[in-house]
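The values are calculated or read from the model by the stated rules, or taken from the named source; none is laboratory data. Source: prediction; values computed, not measured. Heads up, the Cβs are rebuilt from the backbone with ideal geometry, glycines too, and the neighbour counts pull from every protein chain shown. For the accessible areas, the whole protein counts, side chains as well, though only heavy atoms, and no ligand, DNA or RNA atoms are used. Shrake-Rupley method; radii C 1.70, N 1.55, O 1.52, S 1.80 Å.
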Amino acid sequence: MDFILDLPVIGLLLQFIGYLVAVTIQNSALIVTVATPIGIGALCGFLNERSGVVNIGIEGMMISSAFAAWWVAALAAQVLPGAAGPLGITLPLLVGLLAALAVGVAVSAVHAWLSISVRADQIISGTIINIVGLGITGYLGLLRTFVEHGPITLSMLILVVVLQVLLYRSRWGLRTRAVGEHPRAAETVGIDVIALRYRNVLLGGLLAGLAGAWFTIEFGNSFQSGMTGGRGFIALAALIFGRWTPVGAFGAALLFGIADALGTGIRQTPPVGDLGVVLSAIPGQVFSALPYLVTIIVLAGVVGRSTPPAADGQPYERETKAA
């Protein structure tokens, strides 16, 4: 076996695979943690796009919710007891989480109104949400706070299973898939397309709020402008790669989490031997950008092969009844 490792290309490849496996095992908990906002954000996109509404504004929803969670929790900590309960949950953190969920739903309500009622271009609506969310939170971010670990990450794992089961084993899932594929036919059998789209987009906002809250009340203890770091867009990539299913999107989120852990591992504890020599010659910025490079590669390979719901992105207008 040693002579194989001595071969330049095959040896380096086998060393890299061994290093990747070691990094993945050693950082398994961190990978799931890092995948949390991407996974929840992808679930937000799933609820929207399965019912026919494109949402590229997940990033803006997440950053707005992250700011709301941090700011409200900081204010609540000044007047509410901060004793930690199970999983490190405190009353101020709960208040901050509720604020994040409320903001996520509120911003989603705007997107729903523009996309469903006004029938505006859904891409433009999402772009506006991203610009406004990043701009306002960057302007308002001025304080500091605290945090512990856990419940939001656990909720992501539960949500993935629950939504996957509901999508294929519930009346809501059947109606959602019908509205996302053939809204006109769905309406003929009594499904209120407009109401269901509104409901799912607002539920998606709830999840975007949860993903945003992860940044400031579970993973970190402060708010910084642009701290979501493009994870809302990576969540969209995860949704596409996962073929618009919760489990598929979660698997893709883990892939991006592994890429992030690998980049961190190479920067902090590079492998020994020839592989370490080769990797040390690569600029560190490449490894910092690894999750984003994986996103580009995944999308380049999947776009065109992964088919979205047939009515995704298409505004729906009820047929007028004959007089």
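A few notes on this one:
- Flag for Pro291 being in contact (Cβ under 8 Å) with a residue 12 or more places away in the chain, in a loop (DSSP other than H, G, I, E, B) and open to solvent by less than 50 Å² (accessible area, probe 1.4 Å): no
- Out of Gly190, Gly226, Gly204, Gly212, sole residue that is farther than 18 Å from Val32 by Cα and crowded, with 20+ Cβ neighbours inside 10 Å: Gly204
- Residue match in the stretch 233-250 (condition: assigned to a helix (DSSP H, G or I) and surrounded by fewer than 17 Cβ atoms within 10 Å (Cβ to Cβ)): yes
- Residue check for Ala261: open to solvent by less than 20 Å² (accessible area, probe 1.4 Å) and at pLDDT 90 or above: no
- Of all residues in the stretch 83-119, those satisfying the criterion of being part of a loop (DSSP other than H, G, I, E, B) and in contact (Cβ under 8 Å) with a residue 60 or more places away in the chain are Ala84, Ile89, Arg119.
- Whichever residue in the stretch 23-40 is open to solvent by 40 Å² or more (accessible area, probe 1.4 Å) and not β-branched (Val, Ile, Thr) and, among such residues, is farthest from Thr269 (Cα to Cα): Ala29
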